[in-house]
Amino acid sequence: MDWTSYLTRAWDAVAAWEASWGAFEPHPSLALDPDRLTQALHAYAERLHGNYPFFHPRYAGQMLKPPHPAAIVGYLAAMRINPNNHALDGGPPTGQMEKEVVRDLAAMVGFPEATLGHLTGGGTMANLEALFVARQSHPGRTIAHSTEAHYTHRRMGEVLGLETVAIPTDAAGRMDLEALEAALRSGTIGTVVLTAGTTGLGAVDPIADALDLCRRYGCRVHVDAAYGGFFVLLAGEDGPLAADVKRHLRAIGGCDSVAIDPHKHGLQPYGCGAVLFHDPAVGRFYRHDSPYTYFTSEALHLGEISLECSRAGAAAGALWFTLRLLPLRADAGLGPILAACLRAARAWTSRLHRAETLQPYTEPELDIVTFVPRLNAPTASRLDAAGAALFRRAMEDPDDPVFLSVLRVDSERLRRVVPGLVADQPQVRILRSVLMKPEHEAYVDHLHTRLAAWAADVPGLIPPIP
Ligand SMILES: *Cc1c(COP(=O)(O)O)cnc(C)c1O
């Protein structure tokens with residue numbers, strides 16, 4: 001596909017519309033010297049080449065990948081106009097598109113047609129807004145989240161002046177329901193945050209069961225699905241996810257709010273999160289007036305239900321455009337992309353089980369793989385050093401590097417999968433790989449072969465006695 005030609009066409013499509021308003025001279029102060037522009041572009045490209053190769057399947061580290069070219073085309077066209085989705089005064093078309101994509105996301109997670117929601121700068125803002133609403137509806141009550149939840153919940157609790165409590169997780173990184181119920185019995189908890197796809201392991205909390213519990217104790221339930229939300233597409237009857245994961249993802253539809261990041265698994269550039277509220281009546285908590293905006297239309301302005309003011313209309317436009325081409329479906333569009341990522345994670349994990357120099361840490365529920373080197377007479381300190389060394393060795397290889405990420409886990413927890421581990425320090429850095437590009441499926445054999453070979457000769461690693 002010649003995406004460059006589509007970029008040019010997107011640029012030209014807007015240029016034609018601009019011309020229809022009549023010609024005028026751009027101010028001379030804005031003119032650029034072509035030679036200096038060329039030089040600056042050269043220097044800029046050079047600087048950008050200092051990035052890790054996020055686009056390549058050899059980059060299998062953090063939750064990072066370039067947007068789909070369709071999103072870039074969609075973003076570029078709207079950015080040329082630069083609408084501001086704060087108010088319909090800032091650009092009615094992308095405001096309308098935002099309402100449409102919010103409806104699409106709501107339908108995907110099983111929220112009602114009347115769902116109140118909007119795009120945000122990212123998952124952090126989406127979660128902050130959900131917790132802000134939680135505070136307004138349950139003032140002074142504590143927020144519970146799991147120990148594996150994103151650190152943002154604790155921090156946003158501080159921002160909002162709310163107590164937070166961390167509920168322990170099981171061996172797979174999912175919230176422990178007995179511990180949750182014990183905390184609920186205290187009567188102080190107003191909102192429970194469940195995570196659909198933890199940032200570390202991609203674990204899905206037992207949402208369906210936790211929801212029942214929370215309802216019994218009169219709590220609000222917010223789902224942080226910033227990472228895993230789109231996997232709901234694979235949670236249908238014949239979806240490829242594990243049965244319990246499907247049941248829990250389907251239960252999101254009965255929760256009070258959800259945060260989803262289109263800039264993670266929704267093929268979008270950064271600056272695109274979303275928050276959805278099951279009950280549109282929570283819009284009253286946002287009520288405010290603005291002396292500057294909300295004048296062009298009686299319809300709802302997105303700024304009236306959002307804590308942020310200026311937001312890129314281009315972000316909404318890009319998502320709308322992308323979803324026309326790659327819809328939120330199991331059998332087409334985003335579904336097959338996510339399914340390939342899931343298969344990649346499973347394939348790698350099954351190879352790790354059979355490997356001599358490496359072993360998996362958990363079974364992936366989504367597309368995140370975690371593993372450790374296999375050591376003789378393992379201690380936490382040696383395993384930690386070995387994991388860190390392997391991470392460096394892989395990314396610094398001059399010919400065929402592999403980029404992973406590192407996750408710190410409790411030594412005690414690691415003992416469950418590394419028998420005989422001597423916990424001589426509290427935590428261990430293990431290896432983590434987010435396989436969020438469908439191209440990883442064809443590449444995991446290579447990733448595994450490289451890692452397994454390096455693991456055999458990284459200094460600090462003791463290969464097993466044959
Ligand atoms: C990424 C992530 C966040 C934070 O979202 P940003 O878009 O980075 O602000 C919150 N929760 C979870 C589970 C995440 O994976």
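With just the Cα atoms of the chain, tell me how far they stretch along each of the three principal axes, in Å, largest first.
If we take the Cα atoms of the chain, the spans are 79, 63, 41 Å.
Probe radius 1.4 Å, ligands and nucleic acids ignored: give me the carbon and sulfur share of the accessible area of the range 1-142 as a rounded percent. Don't skip to the answer; put the middle values down first.
Working: 5100 of 8340 Å².
Of the solvent-accessible surface of the range 1-142, carbon and sulfur hold 61 percent.
Please identify the longest segment of the chain free of exposed chymotrypsin sites (Phe, Trp or Tyr not before Pro), where exposed means a DSSP state other than H, G, I, E or B and no more than 14 other Cβ atoms within 10 Å. Could the numbers behind the result be given before it?
On the way: sites that count: 21, 24, 54, 55, 151, 270, 292, 295.
Maximal segment without exposed cleavage sites: 296-466.
What does the accessible area per residue of the range 261-306 come to in Å², with a 1.4 Å probe and no ligands, DNA or RNA counted?
47 Å²
Excluding residue 242 itself, what net charge comes from residues whose Cβ is under 11 Å from its Cβ, given Lys and Arg +1 and Asp and Glu -1? Working shown, then result.
Details: positive: 246, 247, 346; negative: 244, 363, 365.
Counting the neighbours of residue 242, the net charge comes to 0.
Taking amide hydrogens as modeled 1.01 Å from N in the peptide plane, which residues meet the under 5 Å criterion relative to residue 194, leaving out close sequence neighbours?
For residue 194, the qualifying residues are 222, 223, 224.
Quick check: the distance between the Cα centres of the range 159-227 and the range 397-440, to the nearest angstrom?
Going from one Cα centre to the other spans 25 Å.
Given R₀ = 51 Å, what would the calculated FRET efficiency be for residue 237 paired with residue 295, taking r from the Cβ atoms and rounding to 0.05? Mind dumping the intermediate values first?
Values: r = 49 Å, r/R0 = 0.95.
E between residue 237 and residue 295, to the nearest 0.05, is 0.55.
Over the range 84-241, what portion of Cα pair distances is larger than 23 Å, expressed as a whole percent?
Values: 5085 of 12403 pairs.
Looking at the range 84-241, the distances longer than 23 Å represent 41 percent of pairs.
Each residue of the range 247-260 in turn: what ³J(HN,Hα) in whole Hz from Karplus with 6.51, -1.76, 1.60 and θ = phi - 60°, glycine and Pro shown as x?
Working through the residues one at a time gives 4, 6, 5, 5, 6, 4, x, x, 8, 7, 8, 8, 10, 9 Hz.
In debye, nearest 20, what is the charge dipole magnitude of the chain about its Cα centre with +1 on Lys and Arg Cβ and -1 on Asp and Glu Cβ, if you could check?
Taking the Cα centre of the chain as origin, the dipole is about 780 debye.
What's the longest piece of the chain with no exposed GluC sites (Glu not before Pro), counting a site as exposed if DSSP puts it in a loop and it has at most 13 other beta carbons within 10 Å?
On the way: sites that count: 113, 237, 298, 356, 396.
Maximal segment without exposed cleavage sites: 114-236.
With θ set to phi - 60° and the Karplus curve 6.51 cos²θ - 1.76 cosθ + 1.60, what are the ³J(HN,Hα) couplings of the range 231-241 in order, to the nearest whole Hz, using x for Gly and Pro?
5, 3, 4, 9, 9, x, 3, 9, x, x, 6
I'd like the antiparallel share, as a percent to the nearest 5, of DSSP beta bridges with both residues in the chain.
Numbers: 26 of 44 bridges.
Taking every DSSP beta bridge within the chain, about 60 percent pair in antiparallel fashion.
Compute the accessible area per residue over the range 1-129, keeping the other protein chains in place, probe 1.4 Å, unit Å². Can you show the working numbers first?
Values: 7830 Å² over 129 residues.
Ligands and nucleic acids excluded, the figure is 61 Å² per residue.
Where in the range 235-343 are there trypsin sites (Lys or Arg not before Pro) that are in a DSSP coil and have at most 11 other Cβ atoms within 10 angstrom of their Cβ?
Working: sites: 246, 247, 250, 264, 284, 287, 311, 324, 329, 343; in loops: 287, 311, 329.
Sparse-neighbourhood loop trypsin sites (Lys or Arg not before Pro): 287.
Count the lysine pairs in the chain whose Cα atoms sit under 22 Å apart, keeping only pairs 8 or more residues apart in sequence or on different chains. Working shown, then result.
Numbers: 65/264; 65/437; 99/264; 246/264; 246/437; 264/437.
Count of close lysine pairs: 6.
Kindly give Rg over Rh for the range 334-457, based on alpha-carbon atoms, with the Kirkwood expression for the hydrodynamic radius.
On the way: Rg = 14.1 Å, Rh = 14.6 Å.
Result: Rg/Rh = 0.97.
Give the list, by residue number, of cysteines in the chain with no other Cys Cβ closer than 4.7 Å, or say none.
255, 272, 309, 341
Scan around residue 59 for amide H atoms under 5 Å from its own, H built in the peptide plane at 1.01 Å from N, and keep only partners 5 or more places away or cross-chain.
Under 5 Å from the amide H of residue 59 lie the amide H atoms of 403, each far enough along the sequence or on another chain.
Taking the DSSP beta bridges in the range 103-202 as the whole, what percent of them are antiparallel, to the nearest 5? List each step's numbers first, then the result.
Details: 1 of 8 bridges.
Given both bridge residues lie in the range 103-202, the antiparallel proportion sits at roughly 10 percent.
The values are calculated or read from the model by the stated rules, or taken from the named source; none is laboratory data. Every value quoted in this text rests on a predicted model; they were computed, and no experiment measured them. Counting neighbours? That spans all protein chains shown, and the Cβs are built from the backbone with ideal geometry, glycine included. We work out accessible area using only protein heavy atoms, side chains counted, and drop any ligands, DNA or RNA first. Shrake-Rupley method; radii C 1.70, N 1.55, O 1.52, S 1.80 Å.
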